Amino acid sequence: MADDAIFDKKKSHRAKHAGRKAEKKKKKNQVDQSNLTARQRNPKAFAIQSAVRAERQFRRREDVISKKQHIPQVDKTPLDPPPIVVAVVGPPRVGKTTLINNLIKSFIKTNVTNTNGPITIVTSKKRRLTLIECNNDINSMIDIAKCADLVLLLCDASFGFEMEIFEFLNICQVHGMPKIMGVLTHLDMIKNAKKLKMTKKTLKHRFWTEVYSGAKLFYLSGILHGEYLRNEIKNLSRFISVMKFRPLSWRMTHAYLLADRLEDITNQENIRKDPKVNRDVVLYGYVRGVPMMKDSVVHIAGVGDMKISELSYLPDPCPLPNSEKKRHLMERERQIYAPFSGVGGIVYDKDAVYIELKGSHSHKQEDEEADEKKALLKNVVETTETVDEQMQEIGLKLFSGGAVIYPDMVKDDEYLQHSKTQDSSDENESGDESDFENDSGIDQSEKETKTSSKLPWDNNSGSEEEGDDDDDDDDDGKLNTETKGSKNESNSDDSDSEKSETEEEDYNTKWKEKLSEKATMAYFERQKTSKNIMKLVYGDFEIGNKTKQTKEREDTDDSDDEEIGGLFKKVTSSQKKKHMEKEQLDHDECSFFYSLDKPNLRDWTKDTYKQIIINNFVTGKRSADEDAEELLQLDDASDGDDEMYGDFEDLETGEKHVNAEKSADASKEELGSKRKADNTKSEILNKKLKLKAKFDAEYDNPDDHRIKGDHSYYESLKAEALKQSELNKSVFENLDNGLRIEVEGFRPGLYVRMLFKNMPSEFVTNFDSSYPLLIGALNMAEQNIGFVSCKVKKHRWYKKILKTNDPLIISLGWRRFQTLPIYSKIEDDMKCRYLKYTPEHVTCNMHFYGPITPQNSGFLALQTVNNASNEIKQLGFRIAATGSVNEINKSTQIMKKLKLVGTPLKIYKKTAFIKDMFTTTLEVAKFEGARVKTVSGIRGQIKKALNKPEGAFRATFEDKILMSDVIFCRTWFKVDVTKFYAPVVNLLLPIGNKNAWEGMKTKGQLKRERNIKHEANNDSMYTDIVRQPKVFKPLVIPKALQKALPYRLKPKAKTMTLTDTITKEKFSNRIAVIKNPHEQKVSNVMKMLKTNFEKKKEVQKELTSEKMKKYKKQQEEVEWRKLKRQKEMKKKICRHLSKMSNKSQKQM
């Protein structure tokens, strides 16, 4: 068995110690491969196998990266951003209110009964939402699209997308597309599962077509107990809470505000006297966009342009929670603020404020915390004893089983009294609070010493102790002397206090030693690094007015003053003198003040002292390294002189030649702190090496040796945008809040109060909180009104084409207004040609009189904003046109073509007299030299007027014209734009009619309303054109030419007939044939035979066709029977074959 084990043993592997592979392994083991990447360890595995495939992968990767890239924009969002406006939009009866209620309940666990106006809620630690419902009015839809950050577009899935949804999407495309999320409701109305799946798919793809491919569409499958399913609402709320928003260009250049609260502060007496008096209205809301300035002009959508009378900021009514790290929001931090909806305890009505006090049984539902608070408040109110009396009765129990200690027991204790007397000196030094620790960690004694000591930044420290005004009371002086006296006592007893402290001081109080001195020294160290201009100019002088010695002397004098009655003190002569000196110093410049430790005062008005500081100013002399002229000369010398006249050595003689100018410059440099004019070779080499390394880093491949695209430009743009955003945030960060608002304005995120005076009374009396109240700030240029040139295109879904000078309602910027536009087309010579109607599928120019708006601002046009059902049915899609602003001009140049028509009076070869084009000789004189043209295309020119008839003129043409020709003269004349601008003031209308605003009407609308029939103009009627056939003269060939022509071309003897009457004359000479009676009978019989024969032929033809039909029918029946027999035969054969095959299978 042992032998078998030996034979079964496998041969062990013998590693190669020599050869190519062994050398390769040795080299591999020599390098430490622990820090190498997989590509570096095995380069062959990562080598490019196919160049074509690698190129495709590279191109694909670059395409994906470039699609993700967008132009980086500077982040202007503030640290405390305003709430995100979430608008719920959709047709009526789709569940908008239910969705808002469910979202509020999902976020803050609160039921809301009324959803009028904006509802602001705190949803997370860093995000707030303002939910607002958009009613079914195109004015509200336009205003909501201008301010919404996120739109929840609701659609009834059982009905499909309605016209309001498409209108709102077009409005958003024009005014800046916000984030849009679709929500399908009423899915439970579709019972068939297959139909439900198809409906979802169809609506999703239609939604993607309108918004963008891949847009989020939520499905709310049904309602349970009046609410949507909790999981679906939670999913929707999570998407809302993590949504990111890109800034829109219009909102990033304008401040705006969505008002969530309104107050009428007009004097009630004025309203009683005149109910129509203009009101003083206060509007509240969060600033959005960019900072809003105090004196800016704003536009209130639906009211008009208003001037802000007063602007101030208030505490945030719905603040974000504390910045502490928390996993989730506490219940009390889940806030809601909706004044228009009556949520949050306060309801703001037209002329009153109502505070919600709950019901009479509300005390039963209060929690324990509220009961605790009430009990504490009751104890405080009902107490009858003072705090000292209560403290005497309260005892302290140190241990659980120990006795209670009362204040009387402490007074009687001998040990405590002894320790108290020992610590009395320490208490005096520290201001009686040495053992008390403040929150800041600094003792009260140190604070007192800090305030009493003289600090360089405290300009009036000494004077404040003595008194600031002339009317200082004696009482104040006494207090000051007492503090000084205590300070002196503390200085005199320093040694005793130090001994007692070393014996009895605990370790925990040692860190407090000299804390104020350390803080002061640290401040001085920091101040040394920063340059002080005063110190540079006037030397090392601090701002003060008395020395330490005089101060101490005065303190001792004051302490020895006599007191009258223990309360008052006599004013001594030294105090009067001191007060007079202080007043004198207040009048002088601060540069005359001197420090405490430098009592010698320099009079800077003297020339000797002026010479000391004269070189510290711009006009003074500079050292060589600071003088600008000398530095420029050194630069020039280093550029050219060193190369031309530098040092050199004669190689033959060995003599060295030195440049004299250079040696002089060197001597100058030695005088001051020197600056090298020319770099050494080592510095130049280092500079070149750095440039080369920078170049290699930019253009060489990195360590992994992959070919990557050049994204450095995009990265640099991102870095610039990030740097700018950080700079914007840091500029005003350290300023005081009041000063920051004065400089920067009311930044976005602040809750502001805006007062408007002389507001129309209808705005308050007809106020409806369901309509959004949008307030947009206007820039300086936008406050003017002028002529605006736009590029416009009729919407493809709008049924009618637009006519020039028909009233059109335009939504541009923050405004909605009615105006009279003129349409035009730019010709090749850059002339705007007048158009009567808009083109069907092409853009054209539009000029109107309205507010000046920046270029490329989008706008949309409507013919009516009336929400009447009959008008909506008639129009269908209400958005008539869309476009953008091209340019802003104070004047316009629109030219209309005019054709002047005339007829020939006389014709002389290429000259003709023309009439009926002008009425007077003066008109002809104006048009001398103008070009004319006939209908046939012959061109000419107007020469001179004729005497008779009036208005006729002579013209020359390039060919002879005919009397039947019509002559045209093409002219252009300027068309003026009508100055008509009417803002849409729908918020001033009564509550039921806010969606029925009507502006200027067309002439056709007025006639239809009054049943006035239009009288037709005969010249404008279309009549049948009857044209006589043109009769040309016969061709007349001269006889001489006839002789020369060959026979076949010679005119033959033919009768030349011009009319049909001549043909009858040919037969006028012939004799008429009259038949006798027998011939008449024969002809009649022949006619009868012919008629009979034709009749027989017709009957025979009919019989033949009937026979053919019968024959065809018989043939078809025979064919059908034949086919039937063949089919039966085939069946029998197939049946027989199948039986045969079955028998053969059984036998097998």
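The values are calculated or read from the model by the stated rules, or taken from the named source; none is laboratory data. Given the structure is predicted, the values throughout are model-derived calculations rather than measurements. Reconstructed Cβ throughout: ideal geometry from the backbone, glycine too, with neighbour counts over all protein chains shown. Heads up: the accessible areas ignore ligands, DNA and RNA and are worked out on the full protein's heavy atoms, side chains in. Shrake-Rupley method; radii C 1.70, N 1.55, O 1.52, S 1.80 Å.
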Tell me yes or no: at least one residue of segment 738-752 is within 28 Å of ASN267 (Cα to Cα) and outside any helix (DSSP H, G or I).
yes
Exactly one of these conditions fails for THR115: (1) farther than 13 Å from ILE336 by Cα; (2) buried (at least 20 other Cβ atoms within 10 Å of the Cβ); (3) among the hydroxyl-bearing types (Ser, Thr, Tyr). Give me its number.
(1)
So is GLN874 open to solvent by 60 Å² or more (accessible area, probe 1.4 Å), within 26 Å of SER249 (Cβ to Cβ) and free of Cβ contacts under 8 Å to residues at least 40 places away in the same chain or not?
no
Only one of (1) at pLDDT 80 or above; (2) surrounded by 11 or more Cβ atoms within 10 Å (Cβ to Cβ); (3) more than 30 Å from ALA51 (Cα to Cα) does not apply to LEU691, and that is (2)
Select from segment 146-165 the residues that are part of a strand (DSSP E or B) and open to solvent by less than 10 Å² (accessible area, probe 1.4 Å) and list them in ascending order.
LEU150, VAL151, LEU152, LEU153, LEU154, CYS155
Total residues in segment 8-39, condition without any contact (Cβ under 8 Å) to a residue 24 or more places away in the chain and either within 30 Å of HIS711 (Cβ to Cβ) or in contact with a strand residue (DSSP E or B) (Cβ under 7 Å, 6 or more places away or on another chain) (or both):
3
For segment 112-131, enumerate the residues that are within 20 Å of ILE775 (Cβ to Cβ) and not hydrophobic (A, V, I, L, M, F, W, C).
ASN116, GLY117, PRO118, THR120, ARG128, THR130
Within segment 262-310, count every residue that is surrounded by fewer than 21 Cβ atoms within 10 Å (Cβ to Cβ) and β-branched (Val, Ile, Thr).
8
Subset of segment 128-145 (residues that are open to solvent by 10 Å² or more (accessible area, probe 1.4 Å) and out of contact with any strand residue (DSSP E or B) (no Cβ under 6 Å at 6 or more places or on another chain)):
ASN135, ASN136
If ALA22 meets every condition in (1) loosely packed, with under 10 Cβ neighbours inside 10 Å; (2) of a type outside the set (D, E, K, R); (3) modelled with pLDDT of 80 or more apart from one, which number is that one?
(1)
With the condition kept exactly as written, say whether any residue in segment 180-198 is in contact with a Leu (Cβ under 8 Å, 6 or more places away or on another chain) and farther than 30 Å from ALA868 by Cα.
yes
Of all residues in segment 912-926 being buried (at least 17 other Cβ atoms within 10 Å of the Cβ) and within 16 Å of ARG970 (Cβ to Cβ), which is farthest from the chain's Cα centre (by Cα)?
ILE914
Just checking, which of VAL64, VAL89, VAL85, VAL112 is among the aliphatic types (A, V, I, L, M) and free of Cβ contacts under 8 Å to residues at least 12 places away in the same chain?
VAL64
Residue, modelled with the lowest pLDDT, within segment 244-261, restricted to residues that are open to solvent by less than 30 Å² (accessible area, probe 1.4 Å) and either of a type in the set (Ser, Thr, Tyr) or in contact with a Lys or Arg (Cβ under 9 Å, 6 or more places away or on another chain) (or both)
ARG251
Only one of SER213, SER237 is in a loop (DSSP other than H, G, I, E, B) and among the polar types (S, T, N, Q); which?
SER213
Scan segment 233-242 and give yes if some residue there is modelled with pLDDT of 90 or more, aromatic (Phe, Trp, Tyr) and more than 30 Å from TYR313 (Cβ to Cβ), otherwise no.
yes
Check every one of the strands (runs of 3 or more DSSP E) wholly within segment 874-946 and list those with 3 or more residues that are farther than 30 Å from GLU840 by Cα.
894-908, 911-915, 931-934, 939-945
